[in-house]
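Notes follow once the structure below has been shown.
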Amino acid sequence: MVRLKFSIELNYYISASGSDFVFNIHAAHTPQQLVKTENLHISQKLVPDMYLDSATDTRFLRLKAFAGSLQVGYEATVDITHHSVSPTELGEVWISNLPGAVLPYLYPSRYCQSDRLHKFAVREFGNLWQGYSRVLAIRDWVQTHVSFKPSSSNSNTSAVDTLIEEVGVCRDFAHLMIALCRAVNIPARFATGIDYGADLALGPTDFHAYVEVFLGDRWFLFDPSGTAIPMGFVRFATGRDAADAAFATIFGGVHASPPVISIEAIADDHGHLVVPVHTKQALSTDDGRRPATT
């Protein structure tokens, strides 16, 4: 079990008309990720509206803020008990056997145009053994062919753009890997959160985007950017792509400052400290529930 303690501070200045916000900054409650403690701080006198998406365990925070400054702070301590399995045990699932709720993650989406990448993906990966090793080959291909460069993309950058330009940030790596997986009929989804263990040379701790791929009976973690340690991921939200899982969606005139984020591994109740490390095991923070197929 890994125990991680983190804090997030978001600062905004809102125009005279006020603005609406939808945040994905709360740690998801799942059987594999237990939120031990958490606190939310809002500088304005507002009543937060919390909504839980039961299909993904994403917790949405909605605010209608007044003009002026707004600070939103969230801090939590999370215990993560990873499901760990040998990659050799994991095969892909025939489409006819996939849970119904997984099917949307086979289709093209706004940032993951898997239909446009089908011929390319089949040529590169179509003849590989259909299991964890093929997903790993896709992840490694993305890491090899795309360079990580801060501020090298924008909110319109798609998987096709990243394939052509060969540069991006974590969300671009994730979109490209997801599109390539879906192009060869492997369900893949976009996940956001924060991570422990990212390379300090890349700058201050930030939100992180990674990939979850459905293999066997659950979603497994992959980091195509290669900048972080999957064992140190705290999951906030999942979706088809970044349009579903942005940490903040803003409606109205707002000036935003860069987020201030910190995270550390701490000892558990028995004084045992586990620091996230890289592992060759397949890791999941999904509980293996089979969603209804009706």
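The values are calculated or read from the model by the stated rules, or taken from the named source; none is laboratory data. Nothing here was measured: the structure is a model prediction, and the numbers come from that model. Quick reminder, even Gly has a Cβ in these numbers, built from the backbone with ideal geometry, and neighbours come from all protein chains shown.
Every test in (1) at pLDDT 95 or above; (2) surrounded by fewer than 19 Cβ atoms within 10 Å (Cβ to Cβ) is passed by Leu70 save one, and that test is (2). The residues of segment 175-221 include none that are closer than 18 Å to Val277 by Cβ, over 16 Å from the mean Cα position of the chain (by Cα) and at pLDDT 95 or above.
Would you mind stating whether His270 is in contact with a strand residue (DSSP E or B) (Cβ under 6 Å, 6 or more places away or on another chain) and without any contact (Cβ under 8 Å) to a residue 40 or more places away in the chain? Before you say what the answer is, go through the steps one by one.
Numbers: in contact with a strand residue (DSSP E or B) (Cβ under 6 Å, 6 or more places away or on another chain): no; without any contact (Cβ under 8 Å) to a residue 40 or more places away in the chain: yes.
No.
Within segment 208-229, restricting attention to residues that are surrounded by fewer than 22 Cβ atoms within 10 Å (Cβ to Cβ) and out of contact with any Gly (no Cβ under 9 Å at 6 or more places or on another chain), the residue that is farthest from Leu106 (Cα to Cα) is Thr227. Taking segment 266-284 as the range and being part of a strand (DSSP E or B) and either hydroxyl-bearing (Ser, Thr, Tyr) or over 24 Å from Arg218 (Cβ atoms) (or both) as the test, only Ser284 passes. Taking the numbered list (1) closer than 24 Å to Met177 by Cβ; (2) assigned to a strand (DSSP E or B); (3) not β-branched (Val, Ile, Thr) in turn, Asp20 passes all entries but (1).
Let's see how each residue does on (1) free of Cβ contacts under 8 Å to residues at least 12 places away in the same chain; (2) part of a strand (DSSP E or B); (3) touching a helix residue (DSSP H, G or I) at 6+ places or on another chain (Cβ under 8 Å); (4) under 18 Å from Tyr107 (Cα atoms):
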| site | (1), (2), (3), (4) |
| --- | --- |
| Pro150 | no, no, yes, no |
| Ser153 | no, no, yes, no |
| Asn156 | yes, no, no, no |
| Thr162 | no, no, yes, no |
| Ile178 | no, no, yes, yes |
| Cys181 | no, no, yes, yes |
| Ile186 | no, no, yes, yes |
| Arg189 | no, yes, yes, yes |
| Gly193 | no, yes, no, no |
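Taking segment 129-151 as the range and being surrounded by 15 or more Cβ atoms within 10 Å (Cβ to Cβ) and over 15 Å from Pro224 (Cα atoms) as the test, the residues that pass are Gln130, Gly131. If the condition is being surrounded by fewer than 18 Cβ atoms within 10 Å (Cβ to Cβ) and over 24 Å from Val274 (Cβ atoms), then segment 76-101 contributes Thr88, Gly91, Trp94, Ile95, Ser96, Asn97, Pro99, Gly100, Ala101.
Across segment 224-234, not a single residue is classified as outside any loop (DSSP other than H, G, I, E, B), over 17 Å from Tyr74 (Cα atoms), touching a helix residue (DSSP H, G or I) at 6+ places or on another chain (Cβ under 9 Å) and not hydroxyl-bearing (Ser, Thr, Tyr). Restricting attention to segment 89-136, the residues being closer than 20 Å to Asp161 by Cα and part of a loop (DSSP other than H, G, I, E, B) number 11. Counting just the residues of segment 1-31 that are farther than 12 Å from Glu75 by Cα and among the polar types (S, T, N, Q), which one comes out surrounded by the fewest Cβ atoms within 10 Å (Cβ to Cβ)? Selected residue: Ser17.
Take the conditions aromatic (Phe, Trp, Tyr) and under 24 Å from Val35 (Cα atoms) and apply them to Phe247. Does it pass? Give the steps one after another, and end with the answer.
Values: aromatic (Phe, Trp, Tyr): yes; under 24 Å from Val35 (Cα atoms): yes.
Spelling it out, Phe247 is indeed aromatic (Phe, Trp, Tyr) and under 24 Å from Val35 (Cα atoms).
The residues listed here are Ile250, Ile261; of these, the one that is more than 18 Å from the chain's Cα centre (by Cα) and in a strand (DSSP E or B) is Ile250. The single residue among Leu34, Leu61, Leu40, Leu52 that is free of Cβ contacts under 8 Å to residues at least 60 places away in the same chain, surrounded by 17 or more Cβ atoms within 10 Å (Cβ to Cβ), assigned to a strand (DSSP E or B) and not basic (Lys, Arg) turns out to be Leu61.
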